[in-house]
Each structure stands twice: as C-alpha cells, then as structure tokens.
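Colleague: Below is the structure I would like to discuss, written out as structure tokens.
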Amino acid sequence: MEAAPSARIALSARALSLKPSATVAVTSRALELRRAGADVLSLSVGEPDFETPPHIKAAGIAAIEAGYTRYTPVNGLPELREAVSAKFARENGLEYAPGDVTVTSGGKQAIFNALLALLNPGDEVLIPAPYWVSYPEMVALTGAVPVPVPTRAEAGFVLDPEEVAARVTPRTRLIVLNSPGNPTGAVFPAGVLEAVADLARRHDLCLLSDEIYEHLTYDAEHVSPARFAPERTLTVNGASKAYAMTGWRIGYAGGPREWIAAMNALQSQSTTGACTVSQHAALAALTDHGATAHFVAGARTAYRERRDFLVAGLNALGLPTPTPQGAFYVLPDTTRLHPDDLEASHLLLERGGLAVVPGTDFGAPGRVRLSYAAGLDTLAEALRRIRRVLD
Ligand code: GLU
C-alpha cells in the first residue's frame with residue numbers, strides 16, 4: 001500500500017526530540033521479522049510469559065457480562081481504590097486512604113501523570129543509572145532535565161546515597177527510585193532508601209518510587225521508600241508484572257494528596273480513566289488473596305530458576321553477567337561480542353536470530369538486556385544462538 005498523502009508536517013520540538021522506546025521498538029522489529037517468516041527468538045520485552053491467572057480473567061469476563069462497560073470515576077473504581085489502599089497497608093506498611101490512590105492505564109501512565117503534575121521546565125530529576133529507558137524521555141518531555149546517578153556493576157548496581165547527594169543542585173526537584181530495578185534487577189536495601197529519604201527531606205525534594213517488580217525478588221526483601229518519607233513520596237505500582245496482566249493496562253499510585261489530585265486532573269483531560277473491564281479484573285487480583293498469592297509464588301519460583309540458568313550460561317560463554325536480585329532481566333557485558341552494544345545487539349539479531357535490547361538506551365553502554373520471562377527451553381535456545389554468534 002502507498003503511504004498516505006502528506007503535506008510537509010512540521011512536528012513539535014517536543015516530538016522531534018523524543019526517542020521512541022527501545023524496549024518497544026526492538027520487540028516490534030522482532031515481531032515484524034517473525035511475521036515475514038524469519039526464525040527470531042525475542043528476549044527483548046519485559047513481559048511475563050505466563051497467562052493471566054484464571055480467577056482474574058474470569059472477573060474480566062464477568063464484568064463484561066454484567067454490563068460494566070461504561071466510564072468509571074477518573075481516579076478509578078472506588079472498590080479498586082479501596083483494594084489498592086488495603087494492599088499498600090498489608091504489603092508495604094503504607095497508609096494511603098482510598099482518596100489518595102489513583103488508577104491509571106498501566107504504570108507508565110501513572111509515571112507520566114506524576115511527572116507532568118510535578119515538574120517545571122528546567123527542574124532537575126535524579127535517576128539512578130542504568131535506568132528504564134522511559135524515565136529520562138518522560139522527564140525531558142516535561143521540559144525538565146534528567147540527571148543520571150551512576151551505580152556500579154561490582155556493587156550489584158545498588159545506589160550509593162553519596163552519589164545522589166553529589167548531584168543535588170538548587171534546581172533538583174525529584175529523585176526516581178526503581179527497586180527491584182529494570183534493567184539491573186538491583187534491590188535497594190532499607191538503609192540506602194532511608195538515606196535517600198533523609199536527603200530528600202533535607203533538600204525538600206520529592207521521591208517517585210516505581211515498585212512494579214515488587215513481587216519479583218529472589219534473594220532480597222523489597223522495601224518501599226515511602227516508609228521513610230511518606231509526605232513527599234509517590235508510590236507507583238501496577239498489575240502488569242506481578243499478575244501477568246500487561247495487556248490489561250492497569251497501574252496505580254498512592255501519594256501526597258495534592259500530587260494525586262493534580263494527576264487526576266491531568267487524567268480527566270487525557271484518558272478519562274483506565275479501562276473499566278480491566279479494573280474489575282485487577283480488583284479480583286487484589287482481593288482474591290489465596291489464588292493470587294499462589295500464582296505469584298509459582299511465577300517467582302520459575303523466574304528464579306530461569307535467572308540462575310541464564311546467568312550461569314552467559315558467564316560460561318564468557319559474557320560477564322552479574323546475578324540480579326529481582327525483576328526478570330540480566331545485563332551481560334557484551335564487549336567480547338562487539339565493543340558497541342548497538343552493534344552487539346545487531347549481530348545477535350541478524351546472525352543469531354535473537355532479539356535483545358542494547359544497553360545504551362538504559363544508560364548501560366557495553367551491555368545488552370535480556371528478559372528471562374521466557375521458558376527454560378527458550379533460554380537454552382537463546383544461549384545456543386549467542387554461542388553461534390560468538391563462534
Ligand atoms: N517495562 C517493560 C520493558 O522494559 C515493558 C516495555 C516498556 O514499557 O518499556 O521491557
């Protein structure tokens with residue numbers, strides 16, 4: 001088909017400066033190649049390979065049958081906000097009243113709303129690196145400036161509060177925390193989070209804590225930084241990773257009242273609210289505790305086994321790979337394959353038929369990200385493909 005006719009559309013400076021999401025781009029490219037008949041294995045996107053558990057699917061179907069097909073309040077179904085509020089209290093020791101909770105179309109929209117509600121052009125936002133590709137881009141879209149805070153592989157990519165302190169300026173407004181982290185799998189200990197919270201209080205900064213991988217920890221305990229600075233911390237989470245619900249698009253956040261209210265105002269002028277059917281499904285995930293806990297525990301056991309298998313396999317191939325404590329990604333050093341990670345990913349895709357995400361967009365040059373949200377057979381085949389390219 002020919003391209004649609006187009007006047008020369010001059011796009012906004014904002015659109016022109018935006019880098020499309022590398023995680024989404026590589027995954028789309030892999031799908032395209034596969035559709036064209038190529039034998040491509042994709043470990044690019046961070047998406048559970050499990051199906052949404054049956055009790056959650058059933059709640060979504062029942063919601064459609066019962067006619068729950070209209071708008072909900074902008075900030076989400078009251079029952080769901082109550083369930084989220086109870087979840088924050090039960091699992092995180094956080095007191096957010098249902099009115100201080102908002103439901104969004106995926107965790108990404110909660111983060112977007114939060115940044116737009118808080119930041120002015122020129123504000124600085126501290127982001128531990130390596131970081132998820134979307135944080136700096138979302139910050140830049142608001143006109144604020146992302147400032148990476150480096151972490152070291154030898155320290156398990158755990159944030160050093162001194163490194164944060166060294167980058168605080170009079171323009172700093174926010175610190176982003178993501179533990180367990182994408183793409184590092186680092187889980188920040190309570191002491192680190194408390195030190196960052198103290199720093200935030202001293203300099204009157206806000207914290208945005210993205211806890212979407214909360215349930216996927218293997219050797220360390222997840223702690224919410226809002227425990228140490230509830231008055232200035234927004235806690236973001238969602239249904240996608242823990243309950244294998246990526247396509248349902250349900251995220252949520254709890255936080256200081258003014259911040260949440262501004263996020264709701266933004267949402268009222270954009271999406272109007274998250275999908276009603278998905279909200280009913282998420283309600284089942286958060287209230288049918290037995291069935292949900294059973295699913296989460298099973299998934300965690302599977303991920304841990306896959307992590308151990310993949311980390312051992314990559315190290316055996318001579319690609320140094322730290323053992324992540326959480327989430328479902330590994331970040332091997334691929335300089336042996338090619339000094340430039342974009343080239344290394346290209347080689348893996350074109351010669352090995354394996355899609356991975358280059359580390360540069362995560363602030364991790366010389367590394368690539370592989371997701372182990374895939375079966376052991378798939379991971380074994382991925383290792384064979386990497387070996388073939390190395391050979
Ligand atoms: N967060 C996941 C990832 O990093 C899903 C895709 C995205 O939104 O980036 O792969």
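Colleague: Helix check for the chain. Which DSSP H runs span at least 18 Å along their own axis by Cα, with a mean Kyte-Doolittle hydropathy no less than -1.0? Before the final figure, lay out each step's value.
Modeller: Values: long enough: 22-35 (19 Å, 0.16); 78-92 (20 Å, -0.87); 106-118 (19 Å, 0.95); 190-203 (20 Å, 0.26); 289-316 (40 Å, -0.16); 376-390 (21 Å, 0.12).
Those that clear 18 Å and a mean of -1.0 are 22-35, 78-92, 106-118, 190-203, 289-316, 376-390.
Colleague: Ignoring the sites themselves, what is the longest stretch of the chain with no GluC sites (Glu not before Pro) in a DSSP loop and at most 15 other beta-carbon atoms within 10 Å?
Modeller: Working: sites that count: E2, E51, E95, E221.
Maximal segment without exposed cleavage sites: 222-391.
Colleague: Add +1 for every Lys or Arg and -1 for every Asp or Glu among the other residues with Cβ under 13 Å from the Cβ of F228, and state the total.
Modeller: Numbers: positive: R201, R202, R227, R232; negative: E194, D198, E231.
The answer is +1.
Colleague: Along the positive direction of the dipole of the range 66-210 (beta-carbon charges: Lys, Arg +1; Asp, Glu -1; about the Cα centre), which of P150, L193, L177 reaches farthest?
Modeller: L177
Colleague: Okay, helix-only estimate at 222 nm for the chain: each DSSP H run of n ≥ 4 adds -39500 (n - 2.57), divide by all residues, round to 500 deg cm²/dmol; what do you get?
Modeller: Values: 13 runs with 165 residues, N = 391.
Computed ellipticity for the chain at 222 nm equals -13500 deg cm²/dmol.
Colleague: Along its three principal axes, how long is the chain when you only count alpha carbons? Whole Å, largest extent first please.
Modeller: 58, 56, 54
Colleague: A further question on this structure: Limiting things to C-alpha atoms, what are the Rg and the maximum Cα-Cα separation (Dmax) for the range 35-180, in angstroms?
Modeller: According to the Cα coordinates of the range 35-180, Rg and Dmax are 19.6, 56 Å.
Colleague: Still on this model: For the range 329-391, rounded, prolate or oblate, judged on the Cα gyration tensor with a ≥ b ≥ c (square roots of eigenvalues), a/c < 1.5 rounded, else prolate if a/b > b/c?
Modeller: On the way: a/c = 2.04, a/b = 1.26, b/c = 1.62.
Judged from the Cα gyration tensor, the range 329-391 comes out oblate (a/c at least 1.5, b/c at or above a/b).
Colleague: Further, regarding this structure: Kindly work out what percent of the DSSP beta bridges joining two residues of the chain are antiparallel, to the nearest 5. Spell out each step's value before the answer.
Modeller: Values: 14 of 33 bridges.
Roughly 40 percent of the DSSP beta bridges within the chain come out antiparallel.
Colleague: With labels modelled as points extended 7 Å from the Cα through the Cβ direction, what inter-label distance (nm, one decimal) is found for K57 paired with T272?
Modeller: 2.9 nm
Colleague: Rounded, prolate or oblate: which one fits the range 176-304, using the alpha carbon gyration tensor with axes a ≥ b ≥ c (rounded when a/c is under 1.5, else prolate when a/b beats b/c, else oblate)? Don't jump to the answer; show the numbers that get you there.
Modeller: Values: a/c = 2.29, a/b = 1.11, b/c = 2.07.
Note, shape of the range 176-304 comes out oblate.
Colleague: Using alpha-carbon pairs under 8 Å, 6+ residues apart, how would you state the relative contact order of the chain in percent?
Modeller: Values: 750 pairs, mean separation 87.4, N = 391.
The normalised contact order for the chain reaches 22 percent.
Colleague: Work out the length of the dipole vector of the range 269-384 about its Cα centre, built from +1 on the beta-carbon of each Lys and Arg and -1 on the beta-carbon of each Asp and Glu, and round it to the nearest 20 debye.
Modeller: On the way: 9 positive and 11 negative charges, 45 e Å.
That gives a dipole near 220 debye.
Read-outs throughout are calculated quantities, based only on the coordinates presented, and are distinct from any laboratory measurement. Here the structure is a predicted model, which is why all the values come from computation and not from measurement. Cβ coordinates were reconstructed from backbone atoms using ideal geometry, including for glycine residues, and neighbour counts include every protein chain displayed.
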